[in-house]
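Asker: I have a structure I would like to understand better, so I am pasting it below and will then ask my questions one at a time.
The values are calculated or read from the model by the stated rules, or taken from the named source; none is laboratory data. Just so it is clear, the structure is predicted and the values come from calculations on it, not from any experiment. Here the Cβ positions follow ideal geometry from the backbone for every residue, glycine too, while neighbour counts run over all protein chains shown.
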Amino acid sequence: MAQPRSDISLLVDGSALYLASRQVDAARTLDYRALENSLRQRVGARTFEPAVLWTSFDATNEGQAKFLEFIERELRWTVDAVPVQDAVAHPKGTATEPTSIRFGERIAYAIGRLAASGNSSIVVVSDQYSLSAPMIDVVKRGGQVWLSFFGSQLEVRYHRLIRSLPPDPKPDYSRLLSQPDAASLEQQKGRLRFIDLDDMASEIWGSGRRASPNGPDSGRGFARIP
């Protein structure tokens, strides 16, 4: 019997995840402990090692400071907090019309470092399509990569890529931590897989979540986009 693994890494673009969650349901907040547990179940991990979250940081925002303290102390993730003035890109060096905050470059670097060190089982939580190249490279070298995000918030290039992947094996997620299916876990090697957060609404938002105009109840989730 295969045992839950402790060699799977978790790389999270916290700014992208936060902004997307507000698009999906501005009235609710993500339960990050539940999110971690749900991702662990789906990839057969006991823990994520390492787990890193990148985010922009406003030193005057007390609520954000408490949230990041929770991430570090309770979830034991590493937080790479970039001052907001350094995280926001401005076209042509101006101070107007900032572009969206994303940390794809740092995540791509982390993917390369992990793969070079022999840790090539990685969960990536991001919507940046530029990460598809390093993720596919890891897969081609025999690694395991799971992309996870709200499918309804991914751009069409990701939809085309994910739809071109071979059919996904469907392990019994409820048994993965206590009795992992060795055959199912073996099938995940050498492939890029997608975990749609829209399909995890009852887990990561908690019970009683209302329908959202942009959420999985709206007909706009990944599985519904041609």
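Asker: Return the residues of the range 11-22 that are touching a helix residue (DSSP H, G or I) at 6+ places or on another chain (Cβ under 7 Å) and either modelled with pLDDT of 95 or more or more than 19 Å from residue 153 (Cβ to Cβ) (or both); say none if nothing qualifies.
Answerer: 11, 13
Asker: Hey, among 107, 136, 101, which residue is surrounded by fewer than 15 Cβ atoms within 10 Å (Cβ to Cβ) and touching a residue at least 40 places away in the same chain (Cβ under 8 Å)?
Answerer: On inspection, the qualifying residue turns out to be 136.
Asker: Sort out which residues of the range 1-35 are over 25 Å from residue 84 (Cβ atoms) and either hydrophobic (A, V, I, L, M, F, W, C) or outside any loop (DSSP other than H, G, I, E, B) (or both), and write them in order of number.
Answerer: Answer for the range 1-35, where residues must be over 25 Å from residue 84 (Cβ atoms) and either hydrophobic (A, V, I, L, M, F, W, C) or outside any loop (DSSP other than H, G, I, E, B) (or both): 1, 2, 5, 8, 9, 33, 34.
Asker: Check every one of the strands (runs of 3 or more DSSP E) wholly within the range 52-162 and list those with 3 or more residues that are under 24 Å from residue 194 (Cα atoms) and either modelled with pLDDT of 95 or more or in contact with a His (Cβ under 9 Å, 6 or more places away or on another chain) (or both).
Answerer: Details: elements: 78-83, 121-125, 144-149.
Here the list reads 121-125, 144-149.
Asker: Which of the residues spanning the range 139-167 are surrounded by fewer than 17 Cβ atoms within 10 Å (Cβ to Cβ) and among the aliphatic types (A, V, I, L, M)? Step through it out loud before you land on a result.
Answerer: If we filter the range 139-167 for residues that are surrounded by fewer than 17 Cβ atoms within 10 Å (Cβ to Cβ), which is where we start, we get 140-142, 155-157, 159-160, 163-167.
Answer for the range 139-167, where residues must be surrounded by fewer than 17 Cβ atoms within 10 Å (Cβ to Cβ) and among the aliphatic types (A, V, I, L, M): 156, 165.
Asker: Taking the condition of being in contact (Cβ under 8 Å) with a residue 24 or more places away in the chain and surrounded by fewer than 18 Cβ atoms within 10 Å (Cβ to Cβ), how many residues in the range 43-71 meet it?
Answerer: Number of matching residues: 7.
Asker: Against the condition within 16 Å of the chain's Cα centre (by Cα) and without any contact (Cβ under 8 Å) to a residue 40 or more places away in the chain, how does residue 18 come out, does it pass?
Answerer: Details: within 16 Å of the chain's Cα centre (by Cα): yes; without any contact (Cβ under 8 Å) to a residue 40 or more places away in the chain: yes.
Yes: the conditions hold for residue 18.
Asker: Being touching a Lys or Arg at 6+ places or on another chain (Cβ under 6 Å) and farther than 16 Å from residue 145 by Cβ is true for just one of 38, 6, 15. Which residue is that?
Answerer: Checking each option against the conditions leaves just 6.
Asker: Tell me the residue from 3, 41 that is more than 15 Å from the chain's Cα centre (by Cα) and at pLDDT below 95, please.
Answerer: Just a single option satisfies the conditions, and that option is 3.
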